[in-house]
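The values are calculated or read from the model by the stated rules, or taken from the named source; none is laboratory data. From a predicted model like this one, the values you see are computed outputs, not experimental measurements. Note: ideal-geometry Cβ built from the backbone for every residue, glycine included; neighbour counts use all protein chains shown. For the accessible areas, the whole protein counts, side chains as well, though only heavy atoms, and no ligand, DNA or RNA atoms are used. Shrake-Rupley method; radii C 1.70, N 1.55, O 1.52, S 1.80 Å.
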Amino acid sequence: HTSTPLSSVTDCGLYSPVAILRSQAPRHRGVPARVDGRGTAHHDQGAEWIELTVRLDPAGRRVREARFRAVGSPALIAAADLAAEVADGMTARELLALRPRDLAEPLGELPEVRRYAPALAIQVLQDAVRDAVQHPRIHQA
């Protein structure tokens, strides 16, 4: 398991119930069998890492599947999981219009030092979509 555990009551009090659930039981972890686009980023001098991958429909218009891999804080894991969920069914144009608040609001409360996580997840998701659109090819997982 690659996320930092929420080890104390104090830590848990800084995260919303949604963020805690998504960080402890992410539903979109992994890599699709076929990858059309990939985005990655490092944060905190490489201590945290996130990758989002997307699979497009046959016409290349909509995301059919998005998955993530990440090492980092519960906030980063939760934001990556939500980003992958939000992407499903969206067009590239819709995804490129997403803003950090589109993840931050549904995630709810995060510790102040972890509020970068929704913005980083959106950036990486948008990089994956740009990769898929600008370089139509099939990556190996």
### Query
Between ALA59 and ARG115, what FRET efficiency comes out of the Förster formula 1/(1 + (r/R0)^6) with R0 = 41 Å and r the beta carbon distance, rounded to 0.05?
0.65
### Query
Based on the inverse mean of 1/r over its pairs of different Cα atoms, what is the Kirkwood hydrodynamic radius of the range 61-110, in Å?
11.5
## Note on the structure
For the chain, the charge dipole (Cβ of Lys, Arg +1; Cβ of Asp, Glu -1; about the Cα centre) points to a positive end, and the Cα of PRO74, HIS28, PRO136 closest to that extreme belongs to PRO136
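Using 0.36 nm per residue of separation minus the Cα-Cα distance, give me the extension gain between LEU21 and ALA47 in nm, one decimal. Could the numbers behind the result be given before it?
Numbers: separation 26, 0.36 × 26 = 9.36 nm, distance 2.24 nm.
That pair, LEU21 and ALA47, stretches by 7.1 nm at full extension.
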### Query
So what's the convex hull volume per residue for the Cα atoms of the chain, in Å³?
97
### Query
What whole-number value in Å² describes the accessible area per residue of the chain for a 1.4 Å probe?
51
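Please report the carbon-and-sulfur percent of the accessible area for the chain; probe 1.4 Å, protein heavy atoms only, DNA, RNA and ligands left out. Each step should come with its number before you reach the end.
Values: 3760 of 7250 Å².
That share works out to 52 percent.
Sequence gap at least 6, Cα distance under 8 Å: using those rules, report the relative contact order of the chain to the nearest whole percent.
The value is 32 percent.
Starting from the Cα-Cα distance between THR40 and GLU85, subtract it from 0.36 nm times their residue separation and give me the gain in nm to one decimal.
Values: separation 45, 0.36 × 45 = 16.20 nm, distance 1.71 nm.
That pair, THR40 and GLU85, stretches by 14.5 nm at full extension.
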### Task
Over all directions, average the projected area of the Cα convex hull of the range 24-65 and note it in nm².
3.8
